[in-house]
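Reviewing the structure listed below.
Bear in mind these aren't lab numbers, they're just calculated from the coordinates by the rules spelled out. What you see is a predicted model; the values in this text were computed from it and never measured. When we count neighbours, we look across all protein chains shown, and the Cβ atoms used for this are built from the backbone with ideal geometry, even at glycine.
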Amino acid sequence: MADSVAFAGTSKRERYAELLPQLASLVDGESDLVANLANITAALRACLPIASWVGFYVTRAPNELVLGPFQGNVACVRIAFGRGVCGTAAAERRTIVVEDVDAFPGHIACDAGSKSEIVVPIMTGGRCVAVLDVDSYERAAFDAVDAEWLGKVAELAATLRW
Ligand code: SME
């Protein structure tokens, strides 16, 4: 695996394009899920200066997400499927981009400073095994570009040993 990650690009497309091969290298040959998820969050945080929080919520019981590896402030631990942005993304198995968290009914405010958010489900065999959640202190920090590239990160994460 690589010892560090680096980004030269200034646009987020460029930085995501630099991120993907570095993520593949980070997880290559390592079978430990927690270690791999932890490294993915650290690399994503380095890639996305606009992110205030990057982390995984893992499906641990039927229809319940539990906090996994993350970078940022302490966060709520358990989220039921269907609750908040994370639980809605897991239940509906779709990526959700929230430009303004105050306008999302049921948003769970782990960090009062968070203003926008994107949540991407990680699917294996039709099952949502986890979600990837990225928050920002800026409004409308995430858009279709993030949905596309974080979708690729989720596809890579789906290849890990769940
Ligand atoms: N805001 C999320 C909860 C997780 S924290 O943002 C880390 C939600 O509404 O599901």
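Given the -39500 (n - 2.57) contribution per DSSP H run of 4+ residues, what per-residue ellipticity at 222 nm results for the chain, rounded to the nearest 500 deg cm²/dmol?
When only DSSP H runs of four or more count, the value is -11000 deg cm²/dmol.
May I ask you to compute the full-extension gain from Tyr137 to Arg94, defined as 0.36 nm times their residue separation minus their alpha-carbon distance, rounded to one decimal in nm? Can you show the working numbers first?
Details: separation 43, 0.36 × 43 = 15.48 nm, distance 2.29 nm.
The Tyr137-Arg94 span can extend by a further 13.2 nm.
Using C-alpha positions alone, give me the convex hull volume of the stretch 39-162 per residue in cubic angstrom.
92 Å³
Note down the net charge around Ala140, summing +1 for each Lys or Arg and -1 for each Asp or Glu among other residues with Cβ under 9 Å from its Cβ.
Once all neighbours under 9 Å are counted, the net charge is -2.
Please check: in the Gaussian network model of the chain (C-alpha springs, under 10 Å), which one of Phe81, Phe104, Phe70 has the largest mean-square fluctuation.
Phe104
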